[in-house]
Amino acid sequence: VQLQASGGGLVQAGGSLRLSCAASGRTVNSVVMGWFRQAPGKEREFVAAIRWRTDTTYYADFVKGRFTISGDNAKNTVYLQMNSLNREDAAVYYCASAGRPGIFPFSISGYELWGQGTKVTVSS
């Protein structure tokens, strides 16, 4: 099973992009799905996550009010709508899935399945 992230690209500052992530292969038993990002020279950081059972969403402070995570657990698909993008949002965005209940969604270590990443470039 693999996660396939897509939707990245070049966007002007202030613009929007919608990232998608879908599982291929067998059905993924996902408790939480999340998005992380990694800019050049920086560590991978949490962006957003959704806990399927309760539809609870989690966001990093720097994206609150600008990004929205949504998806369909039955289809193993998660989206990240990104609005009001700025240059600090430029990074490779990774989707991830966690199958263990009770994970801390903000932590990289909680996720066992990762997509290949999709690059977001923001021009001024």
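The values are calculated or read from the model by the stated rules, or taken from the named source; none is laboratory data. Quick caveat, the model's predicted, so the values are computed rather than measured. Every residue, glycine among them, receives a Cβ derived from its backbone with ideal geometry; neighbour counts consider all protein chains shown. We work out accessible area using only protein heavy atoms, side chains counted, and drop any ligands, DNA or RNA first. Shrake-Rupley method; radii C 1.70, N 1.55, O 1.52, S 1.80 Å.
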Contacts under 8 angstrom Cβ, first residue in the range 42-59 being in contact (Cβ under 8 Å) with a residue 60 or more places away in the chain, partner part of a loop (DSSP other than H, G, I, E, B), 6 or more apart: Phe46/Ala60; Phe46/Pro105; Phe46/Phe106; Phe46/Ser107
Hits in the range 1-29 - residues which are under 14 Å from the mean Cα position of the chain (by Cα) and not hydrophobic (A, V, I, L, M, F, W, C): Gln4, Ser6, Gly7, Gly8, Arg18, Ser20
Odd one out for Arg37 among (1) open to solvent by 20 Å² or more (accessible area, probe 1.4 Å); (2) closer than 19 Å to Ser123 by Cβ: (1)
Residue within the range 46-68 that is among the polar types (S, T, N, Q) and closer than 16 Å to Ser24 by Cα present: no
Selected residue [out of contact with any Phe, Trp or Tyr (no Cβ under 8 Å at 6 or more places or on another chain), surrounded by fewer than 13 Cβ atoms within 10 Å (Cβ to Cβ) and not basic (Lys, Arg)] from Thr54, Thr77: Thr54
Single match in Gly71, Gly25 (criterion: crowded, with 16+ Cβ neighbours inside 10 Å and either free of Cβ contacts under 8 Å to residues at least 12 places away in the same chain or small (Gly, Ala, Ser) (or both)): Gly71
In the range 81-119, the residues that are outside any loop (DSSP other than H, G, I, E, B) and open to solvent by 50 Å² or more (accessible area, probe 1.4 Å): Gln81, Arg87, Glu88, Ile108, Ser109, Trp114, Lys119
